[in-house]
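Here's the structure, in structure tokens; my notes come after.
The values are calculated or read from the model by the stated rules, or taken from the named source; none is laboratory data. In this text, all values refer to a predicted model and were calculated from it rather than measured experimentally. The area values use the complete protein model at the heavy-atom level, side chains included, leaving out ligands, DNA and RNA. Shrake-Rupley method; radii C 1.70, N 1.55, O 1.52, S 1.80 Å.
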Amino acid sequence: VLDTGGTPELVSTDSGRIQAFDHLDKADTFPVDRTLDEAQVAEYDGLVLPGGVANPDALRMDRRAVAFTKGFFDAGKPVAAICHAPWTLVEADVVRGRTLTSWPSLRTDIRNAGGTWVDEQVKVCTGGPNTLITSRKPDDLKAFREAFTREFDKARG
């Protein structure tokens, strides 16, 4: 996002710092810019949901995170989700009629929620109220980043 002239903000359920992981190993920590209680969808051009297993599982159980995510679909703003992140999309009931990819173990969850799952490095779905960009795994990060920054640039005008 920085490379394309955007200003990323890290929004989290709580203030302070968040712990990132490289698979199951602790990685860097990052400062939270705003909490979900402070952030408003109208202030952002798009949303990137984190991958991994733990973060998406926690987010889908937080009503504020689910509502914030759904707000981007309601506002027609692009959303990007990688790995297990589509769990939050399933919880927000925004995958019905959409085509997306994810970590393979989410295939049934996505289908049960009315979406179509595909095994592709990146899937850009424009068949809904917004653009949805999804990717499967860390090996897809380069293609994922290129796809969502292109779509976010369009949203910024």
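Miscellaneous remarks
- DSSP beta bridge pairing in the chain, given as percent antiparallel to the nearest 5: 45
- A 1.4 Å probe run over the protein chains yields, for the range 1-86, 58 Å² of accessible area per residue, whole-number rounding.
- Mean separation of Cα contacts under 8 Å, 6 or more apart, over the residue count of the range 34-157: relative contact order %: 24
- Accessible area per residue was computed with a 1.4 Å probe on protein heavy atoms; ARG107 scores about 90 Å².
- By the helix-only formula, in which each DSSP H run with n ≥ 4 contributes -39500 (n - 2.57) and the sum is divided by residues, the chain has a 222 nm mean residue ellipticity of -8500 deg cm²/dmol.
- Cα gyration tensor, the range 19-155 - rounded (a/c under 1.5), prolate or oblate: rounded
- Note on the chain: with neighbouring protein chains present and a 1.4 Å probe, carbon and sulfur make up 48 percent of its accessible heavy-atom surface.
- Subtracting the Cα-Cα distance of SER15 and ARG34 from their residue separation scaled by 0.36 nm leaves 6.2 nm.
- Rounded to the nearest Hz, the phi-derived 3J(HN,Hα) couplings of the range 49-54 under the Karplus curve 6.51 cos²θ - 1.76 cosθ + 1.60 (θ = phi - 60°) are 9, x, x, x, 9, 5, where x marks glycine and proline.
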